[in-house]
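The values are calculated or read from the model by the stated rules, or taken from the named source; none is laboratory data. Note that the structure is predicted; figures quoted are calculated from it, not measured. Note: ideal-geometry Cβ built from the backbone for every residue, glycine included; neighbour counts use all protein chains shown. Areas reflect the complete protein model, heavy atoms only, side chains present, ligands, DNA and RNA absent. Shrake-Rupley method; radii C 1.70, N 1.55, O 1.52, S 1.80 Å.
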Amino acid sequence: MALNLRQRQTECITRMLNLNQPVNATGMANEEVYKILIYDKFCQNILSPLIHVKDLRKHGVTLYFLIDKDRKPVHDVPAVYFVQPSHSNIQRIIADTSNSLYDSFHLNFSSLIPRPLLEDLASGTLNSDSIHRISKVHDQYLEFVTLEDNLFSLAQKNSYVQLNDPKAGDREIEEIIEKIVGGLFCVLATLAVVPIIRCPRGGPAEMVASALDQRLRDHLLSKNNLFTEGGNFVSSFQRPILCIFDRNFELSVGIQHDFRYRPLVHDILGLKLNRLNVQGEKGGMKSYELDSSDPFWVANGSLEFPEVAVEIETQLNKYKRDVDEVNRRTGGNDGAEFDGTDMIGNTKHLMSAVNSLPELTARKQVIDKHTNIATVLLSEIKERLLDSFAKKEYDMMVRGGIDRSELLGVLRGKGSKMDKLRFSIMYLISSEAINQQEVEAVEAALRESEVDTSAFQYVKKIKALNVSLASANSASRSNIVDWAEKLYGQSISAVTAGVKNLLSNDRQLALTRTVEALVEGRPNPEIDSYLVFDPRAPKSSSGMGSSHLKGPFKEAIVFMIGGGNYVEYGSLQELAQRQQPVKHVIYGTTEILTGQEFVEQLAVLGQKMGLGGAPPPPHASTH
């Protein structure tokens, strides 16, 4: 059975809303039992992409509140709490029980509640003589946000800064790693699978992989473990592979401009939790949902923006033809807007038209929504020349550089300060060698545009320290050419044109290429040094020697530490569809970031290292 994270998490939440009783055949909680839902902000974000407010009523939820809001007592009604296990939430629950706000309390924590907090809850409710109101306490292991069937985020903010902060101590790093491991454990518990874990050596990826392996081992020793239903997966290819990477593996993808629909909507319009607020055609803000219930979004999210515009036009013309056809059959006016008022004709055609009305109306709403989104996007693209940024960055990565006049022309041309900063950092990443004069010219151009250069200075420092921006299989130009040379055995000049073609056809990111190699499990120099962890195997046998752990695998979970994006998600989904037979790939990350949000984290690191945006002191003359 394919791993469907969204479905599994929704089932867990439905069971929770049914007071942790099995749900009926319709998949709905018992709506005859009225209940109140109390959540904190984090758990509200977990619920938001999965269950719409209008659907809560179907699960018997009549009222819902944030835990930190003042609430009035509601008697004879059970309350379902869904919150993180934090000190403030525990104190609030104790206050609610002692004030007898509700008849009974069903407490659900998003992750394992630590023993000290559980003891605080017990003593607090005992002291206020309200412990009898607490019906059940459940650890739900749901501390992650599922945005699509194969996309999740741990919603852990600023993890890139925390893990790369030069001032961070060992204890702080361990706490962040532990938090990431806790989130990944929740994902695996929800899927009820114990994967084979692979990761590059060193850095946060190995730290997370090693700690997760230990956490799974410890948990599997307990009798009532969460993976008993997954215990019948015997052979390795039936278990999924979990590939863990760190953002520094391929820094460029977090920064570059992309011209495909889904990444554009996220990067430019700020898609959050599958919701979007944009300027409406007649003024005022419009709020839209973009998720699996929107057929246009599902079908066209990975297309380039111009193709999406053509597809909207095609759908609109098809809609008009279908409306004309219905009007023709029912004797209505040709080309009239289909509102159901102009219907005469025989009963058979009339009934058919009435039946097609809801479907046509729904189609028109979807077309109108995407027309509005595309219009707003187009004005941003024209205003900021985003198509030019995307193309030039892509060319820089392929060619390993850019002509100086073209580079400075972009920095002095149209575009926001952030667009120019991102472009400058992409120039740094793509350049094989740093040309000091060129870099100084870039910095001068950025200062002319009043851009804070902290992020630029940070990446420059990393590069100067010779800390590789990505591992040996990065998508930086030199490595692509090395890889192509190995592949074709041709000279660099002969291969560069081919590489460009190779990349532009399937846009294979280094991440995607590496995941493909790990899933296939064939010998490959790029991944031979990768570590292997099997939490089900004895500790001594888990390691490089076990060939059965190398695959091939039907299902993969790819996790990016330090921030992911829709570019990588789209690339991995294309990989899954391209495989024969079709593979299943879930993509997750500590948080989903726009290019701007990621560059802001780089800037924070630059400032922490004292690399502010102030102009550097003048150099002593060398003449």
Self-check item: Peptides ranked, highest mean first, by Cβ atoms within 10 Å: ranges 192-202, 569-579
Solution: 192-202, 569-579
Practice problem: For a quick protection proxy, order the peptides 273-281, 208-216, 108-116, 559-567 by their average other-Cβ count within 10 Å, most packed first. | Solution: 559-567, 208-216, 108-116, 273-281
Quiz item: What is the sum of charges around GLN315, taking Lys and Arg as +1, Asp and Glu as -1, for the other residues whose C-beta is under 12 Å from the C-beta of GLN315?
Solution: +2
Self-check item: Label-point separation, VAL74 to ARG321 (7 Å along Cα→Cβ), nm
Solution: 5.1
Quiz prompt | Net charge of neighbours whose Cβ lies under 11 Å from the Cβ of ALA79, counting Lys and Arg as +1 and Asp and Glu as -1 | solution = +1
Quiz item: Where Lys and Arg each count +1 and Asp and Glu each count -1, what net charge lies around SER159 among other residues with Cβ under 9 Å from its Cβ?
Solution: +2
Practice problem: Please say if segment 5-143 is rounded, prolate or oblate, where rounded means a/c under 1.5 for a ≥ b ≥ c the square roots of the C-alpha gyration tensor eigenvalues, and otherwise the choice is prolate for a/b larger than b/c and oblate otherwise? | Solution: prolate
Self-check item: Heavy-atom accessible area ranking, 1.4 Å probe, most first, across HIS106, HIS370
Solution: HIS106, HIS370
